[in-house]
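> Below are the structure tokens for one structure; questions will follow.
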Amino acid sequence: MTNSQLDIENFKQNDYFADQELVDIVNASIYLKKPLLIEGPAGTGKTFLAKTLSKILDSELIRLQCHEGIDEDNALYEWNYKKQLISIQRDEKDKNLFSDEYLIERPILKALNSESVSVFLIDEIDRSDEEFEALLLEVLAENQVTIPELGTITAKSESIVILTSNGTRELSEALRRRCIYYYLDYPSVEIETNVILKNVEEISKEDAFKYATFSSMLRTLNLNKPPSLIETVEWVKFNFENNIKNLSSNLGILSKDSYDQKLIFEKIKESNDIND
Amino acid sequence: MILTTEEILSFKEFCKKNNLYLSSDRYINLLNYLNSNKQDTKLREIEFIYHILPSNHEEKQKIKNLIEHFFKTSILDKRINFVPIKQYDETFIDSLNINNLNNTLNEIAIELINNYGEIDYSRPVSNTFWLNKIKQTIRYSEQLTFFDIISDNFLDRLVNSQNKKVFQEQLNYFILEKIQELRNSTKDAYLPVDLAPKEDLLEKDFLYTDSLERENLLRETKKLGEILANRFNKFSKSDSKGKLLFRKTFRKSLQDGGNFYKLILKPKIKRKPKLILMCDISGSMALYSLFGLTLLFGVVQKFSSVKTFVFIDGVTDISKRLRRAKINEVKNILNDWNIFVKNDGHSDYEKSFIELLSEIKSDGSHTKTLLVIGDARNNYRNIDRSLIKKLNEHFSAIYWMNPERKQYWNTGDSQFNTFDDISTYSAEVRTYLQLKNFINNIRLSKVVR
């Protein structure tokens, strides 16, 4: 486990523009050995944070993508039934059918068995069922898991656990209690400016700031789906690199909702009319 | 550690006093972290209170307010970056430079306070009162004239208005700081330390919100609707997954010489959800109908087969309309009040529920759960006991949100008791937090039978 504190520069060197608050929280989570629960709208860089952290710490990223109906077979372990059956047929009586040899590791077990420090990402935990959350509690609190046939397996090294959620359902208090919480909102204008500068060739800081301000203003318009950071960057990149000056152009890159596009278009038009 | 343990414990008590209960292990984590990781300033340590203690978004917002009130300091002030545009004059651009900005704002704040004249700190009013007085002066408006520019470029105008907003916020902050400083140095000054912390928006009665607050709360209410829909959706779908189909497994094994290589499980059967939502939109519901409708809107957006109704003196199915609507258009439904009036325009719960039962029967679905948003004020009309019995038989669970203060339930023409008898769960819902608690308290295991 890393003993030194991370700083904004560490993230920046890996193309992640974080503010001090996020860096502080990551440091606190690593020091206290508590999982970090990150909630926030889609497209704000929650998953990317875990990827960046694994790069910074030069450690393996183990990812568990949650979905509806996910259970311990997908997340924790599964017995290799075929191999067990073959062993039975071969009459290998001396072999224990419930030993490591027949165990298929799924991400949680893989993270626990990892010899070196790893970043364990449990992505979109809110998509899973409430029963699955209960399964995670032992892993999150004790860093161990109990397999009935094998007993308790304790982590060989201390993983950094990151859970992400889009807030589509309320997570249980038991799970929250075991984590350090962070709400990752849409980025500030300053961070968005930096991301645009990084991704759009030859754009000036002034222009990048203007586009970031525009994007930030759009997010106050009560849209059905406010533009995410990546959508803004792609839109600016396309328009700027193709020398398209009209803001109403290619709104399809920025917003995927016809109602939102109409609203953005009207806002731009209204502002131009006032000026006329 | 610069902060003392006593200070942190007093803060814990302060949080309790303001209805924020945080578990002790969170404070232990905080103390552990601060003890082992030395911070440069007290403010940095206070920031970690904000980082480590809360466990959800609401707690985070609440704790921020409480920290400001308890430690008399605002945390996480973002570094301000102004982007100069060509229309600004050079001296102004220079003063907005990040190195000069604090000095500039400090000087302007002192000048504005002096210009206002003698401030009577003995008056029992807050610093904001004096700030508002200063904001009304011509000199204050003059400070913002730098931003009165003319440009034909939309982005320039946008950036300018953003700069102006940030400048004004920062200037106000500096004025408040200066006023506090002067107040502290004045003998006989009234020190508003006992004033209650700023009312948390999440606990503010919907009725007393201003338009901006309402907009924010409506957005959050829609999200709650989506959360409710997601929870319900999960329960109604996970009914029969995972059962072993022995016959198919056995037949499959014959392909492999009788070895059970592949287990065949019963597929998930997606069952139609059985949730009915209805919202009273009569006059007595006032602004609460808008929040009720927005909640319905959130549910419908995520879970299209839910049936939603509005009612006054009869029900109207608005499911299709809500499904096609956008969040800004939800309030338009209330403008079409005349469409929903079936008789005299006064709430009639009996007639509405009779119509509801016949509507649901006519589409052949077996409804199970009903969620009602209404104050049960029936304009002194009777409610037949047989109707209550029918409702009880028809729905496996009835949830009732009543926006009226609990003390007024069953007074006057309110017949809430009649419905409360058959309600699985009912509660007063006038604020966002109450609404959130209500949704969390819905026990969906009772929904699917």
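Throughout, read-outs are computed from the coordinates displayed, never taken from laboratory work. This one's a predicted model, so the numbers in the text were calculated from it and none came from an experiment. Every residue, glycine among them, receives a Cβ derived from its backbone with ideal geometry; neighbour counts consider all protein chains shown.
> For chain B, what is the calculated [θ] at 222 nm in deg cm²/dmol (nearest 500), taking -39500 (n - 2.57) for each run of four or more DSSP H residues and dividing by its residue count?
Per the formula, -16000 deg cm²/dmol.
> Then there's this: What do you get for the angle between helix A:229-241 and the principal long axis of chain A? Use alpha-carbon atoms, 0 to 90 degrees, nearest ten.
On a 0 to 90 degree scale, this one is about 50.
> List the lysines whose Cα sits under 26 Å from the Cα of A:Lys95, skipping any in the same chain fewer than 8 residues away.
Cα-Cα hits under 26 Å: A:Lys82, A:Lys83, A:Lys110, A:Lys156, B:Lys262.
> If you take the beta carbon distance between B:Lys248 and A:Asp91 as r and set R0 to 25 Å, what does 1/(1 + (r/R0)^6) give as a FRET efficiency, to the nearest 0.05?
0.30
> Taking neighbour counts of Cβ atoms within 10 Å as a proxy for exposure, in what order, fewest first, do B:Ile339, A:Ile38, B:Ile264 appear?
Exposure proxy ranking, most exposed first: B:Ile339, B:Ile264, A:Ile38.
> Give the long-range amide H neighbours of A:Asp129: residues separated by 5 or more places, or on another chain, with amide H under 5 Å away, using H modelled in the peptide plane at 1.01 Å from N.
Here A:Gly69, A:Ile70 satisfy the definition.
> With a cut-off of at most 16 other beta carbons within 10 Å, and DSSP calling the residue loop, which trypsin sites (Lys or Arg not before Pro) in the stretch A:140-181 qualify? Please list them.
Hits after loop and neighbour filter: A:Lys156.
> Using the alpha-carbon atoms, what tilt in degrees (0 to 90, nearest 10) does helix A:46-56 show relative to the longest principal axis of chain A?
Result, in degrees: 70.
> Counting C-alpha atoms alone, how compact is the stretch A:180-232: give Rg to one decimal and Dmax as a whole number, in angstrom.
When restricted to the Cα atoms of the stretch A:180-232, Rg and Dmax are 11.8, 39 Å.
> Here is a further query. Compute the relative contact order of the stretch B:5-71 as a whole-number percentage, counting only Cα pairs closer than 8 Å that sit 6 or more residues apart in sequence.
36 percent
> Pull out a ≥ b ≥ c, the square roots of the eigenvalues of the alpha-carbon gyration tensor of the stretch A:1-110, then state rounded if a/c is under 1.5, prolate if not and a/b is larger than b/c, and oblate in the remaining case.
Taking the square roots of the gyration eigenvalues as a ≥ b ≥ c, the stretch A:1-110 is prolate.
> Same structure again: Would you mind getting me the FRET efficiency between B:Lys38 and B:Leu207? Use the beta-carbon distance for r and R0 = 35 Å, nearest 0.05.
It comes to 0.15.
> Another question, if that's okay. Among rounded, prolate and oblate, which fits the protein assembly as shown when a ≥ b ≥ c are the square roots of the eigenvalues of its C-alpha gyration tensor, a/c under 1.5 means rounded, and a/b larger than b/c means prolate?
Oblate, because a/c is 1.5 or more while a/b does not exceed b/c.
> Here's something else I'd like to know. I want to verify a result. In a Gaussian network model of chain A, Cα cutoff 10 Å, which of these has the top mean-square fluctuation: A:Leu221, A:Leu64, A:Leu121?
Residue with maximal mean-square fluctuation among A:Leu221, A:Leu64, A:Leu121: A:Leu221.
> Follow-up. Given a Förster radius of 45 Å and the C-beta distance between B:Thr145 and A:Asp15 as r, what FRET efficiency does 1/(1 + (r/R0)^6) yield to the nearest 0.05?
The pair B:Thr145/A:Asp15 has a calculated efficiency of 0.65.
> At 0.36 nm per residue, minus the direct Cα-Cα distance, what do B:Tyr380 and B:Lys187 gain on full extension? Give it in nm, one decimal, please.
Full-extension gain reported as 63.4 nm.
> Give me the lysines in straight-line cross-link reach of A:Lys256: C-alpha distance below 16 Å, same-chain residues under 8 apart excluded.
Cα-Cα hits under 16 Å: A:Lys225, B:Lys326.
> For the stretch B:147-182, list residues with backbone N below 20 Å from a point placed 7 Å from the Cα of B:Glu118 toward its Cβ?
Those under the cut-off are B:179-182.
> Taking +1 at the Cβ of each Lys and Arg and -1 at the Cβ of each Asp and Glu, which of B:Gly292, B:Leu244, A:Leu221 sits farthest along the dipole of the protein assembly as shown towards its positive end, judged by Cα position relative to the Cα centre?
So the residue furthest toward the plus end is B:Leu244.
> Going 7 Å from the Cα of A:Ala141 in the Cα-to-Cβ direction, what parts of the stretch B:55-75 have a backbone nitrogen less than 20 Å from that spot?
B:55-56, by backbone N distance to the label point.
> Another one. In whole angstrom, how long is each semi-axis of the equivalent ellipsoid of chain B, when you take the square root of 5 times every eigenvalue of its Cα gyration tensor and sort them from largest down?
Output for chain B: semi-axes of 52, 31, 25 Å.
> Please list, in chain and number order, the residues 5+ apart from A:Ile62 or on another chain whose amide H is under 5 Å from its amide H, with Hs placed from the backbone.
Distant-sequence amide H within range of A:Ile62: A:Val119, A:Phe120, A:Leu121.
> Using a cut-off of 16 Å between alpha-carbon atoms, which lysines can reach B:Lys42, once sequence neighbours fewer than 8 places away in the same chain are excluded?
Within reach: B:Lys64, B:Lys72.
> How would the stretch A:189-275 be classified by its alpha-carbon gyration tensor: rounded, prolate or oblate, with rounded meaning a/c under 1.5 and the a/b versus b/c comparison settling the rest?
prolate
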